[in-house]
Amino acid sequence: MHEFTATYADQIAGILSGFDRLVFRGTLRQIAYPFGLQGYLWANQVLLKDFSAHSQNVSETVKAAALEAMTSAHRPVRYLASSRDDKEQIARAMAAQDHIQEGPVCALTCMEPCWGYDVHRNRETKRLDLVQRSR
């Protein structure tokens with residue numbers, strides 16, 4: 001934790017302590033709109049035709065880094081079939097089953113509804129366009 005706060009000290013407004021879990025939510029404002037995402041792709045020299053493969057690669061990299069703490073602690077990573085499952089209840093049941101009073105319990109993954117991007121061919125301009133849609 002200290003390494004994380006030291007690395008991002010210039011971007012941290014405060015630190016909470018004493019909680020048994022944290023849920024991070026947020027939006028990367030720069031890429032929350034098609035124009036911003038196009039800027040990101042341009043800066044990283046990613047062609048629109050390669051967008052799908054690039055985004056899959058970035059997603060897998062982020063997921064692997066996020067789950068590394070659980071795997072190194074030999075705790076389970078469990079996929080949930082529905083985003084409506086009560087994650088709090090599942091984690092508490094796993095902690096009770098394994099007699100865990102402190103430390104990592106588990107990581108729960110699932111597909112959550114969100115806004116994403118697709119690449120579509122624009123017949124009028126004969127170019128590829130980024131289009132936002134619910135996923």
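Points worth noting:
- Wholly within the range 1-114, helices (runs of 4 or more DSSP H) carrying at least 1 residues that are modelled with pLDDT of 90 or more, in contact with a strand residue (DSSP E or B) (Cβ under 9 Å, 6 or more places away or on another chain) and not aromatic (Phe, Trp, Tyr): 34-43, 51-72, 87-97
Conditions tested, residue by residue: (1) in contact with a helix residue (DSSP H, G or I) (Cβ under 8 Å, 6 or more places away or on another chain); (2) farther than 29 Å from PHE4 by Cβ; (3) of a type in the set (S, T, N, Q).
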site	(1), (2), (3)
ASN44	yes, no, yes
GLU60	no, no, no
ALA66	no, no, no
SER83	no, no, yes
CYS114	no, no, no
ASP129	yes, yes, no
SER134	no, yes, yes
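- Residue that is farthest from ASP98 (Cα to Cα), among those in the range 42-74 that are surrounded by 13 or more Cβ atoms within 10 Å (Cβ to Cβ) and touching a residue at least 40 places away in the same chain (Cβ under 8 Å): LEU48
- Residue in the range 89-135 that is nearest to LEU28 (Cα to Cα), counting only those that are among the polar types (S, T, N, Q), touching a Phe, Trp or Tyr at 6+ places or on another chain (Cβ under 8 Å) and surrounded by 10 or more Cβ atoms within 10 Å (Cβ to Cβ): GLN132
The values are calculated or read from the model by the stated rules, or taken from the named source; none is laboratory data. Computed from a predicted model, the values in this text were never measured in an experiment. Ideal geometry is used to build each Cβ from the backbone, glycine not excepted, and the neighbour counts take in all protein chains shown.
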